[in-house]
């Protein structure tokens, strides 16, 4: 409800004898608050479903080795047959220099394993060509990355 206040001058009337109406800006937009609360509840319910993995309470050991968090990924795109290029982490390189780049990448690492991702349409022969280049570079383990049915 707007409040009627007297204009400056204290006589109860403004210039030319008018009253000034003001509205309170502290009113809450109730439908907007309802929408925000519903969205908050939806996100609170959906957030735990978006996480993957298991809760594991790992044992504590005083003399354990730290794990290297950096994994090395090699990706074989569908265009491999045309340009003979693979992706090493984020870099696009030719397969003939893959061996040297892998030696540089694995230098000083104790875990000499690589994760290989290949497009579903890439032939087995192309996959074996890349695996041979990885093995000749000193890679001990090659893991093939797949996805579960229903995943995108």
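For segment 80-93, the tally of residues that are part of a loop (DSSP other than H, G, I, E, B) and at pLDDT 85 or above stands at 1. For segment 94-106, does any single residue satisfy the condition of being assigned to a strand (DSSP E or B) and modelled with pLDDT of 80 or more? Checked segment 94-106: at least one residue is assigned to a strand (DSSP E or B) and modelled with pLDDT of 80 or more. Looking across segment 67-79 at every residue that is in contact with a helix residue (DSSP H, G or I) (Cβ under 7 Å, 6 or more places away or on another chain) and outside any loop (DSSP other than H, G, I, E, B), the one that is surrounded by the most Cβ atoms within 10 Å (Cβ to Cβ) is identified as 74.
Filtered by the rule that a residue be touching a helix residue (DSSP H, G or I) at 6+ places or on another chain (Cβ under 9 Å) and part of a strand (DSSP E or B), segment 114-151 gives 114, 116, 118, 142, 144.
The values are calculated or read from the model by the stated rules, or taken from the named source; none is laboratory data. Just so we're clear, the structure is a prediction, and the values are computed from it rather than from any experiment. Backbone-built Cβ (ideal geometry, glycine too); neighbour counts: all protein chains shown.
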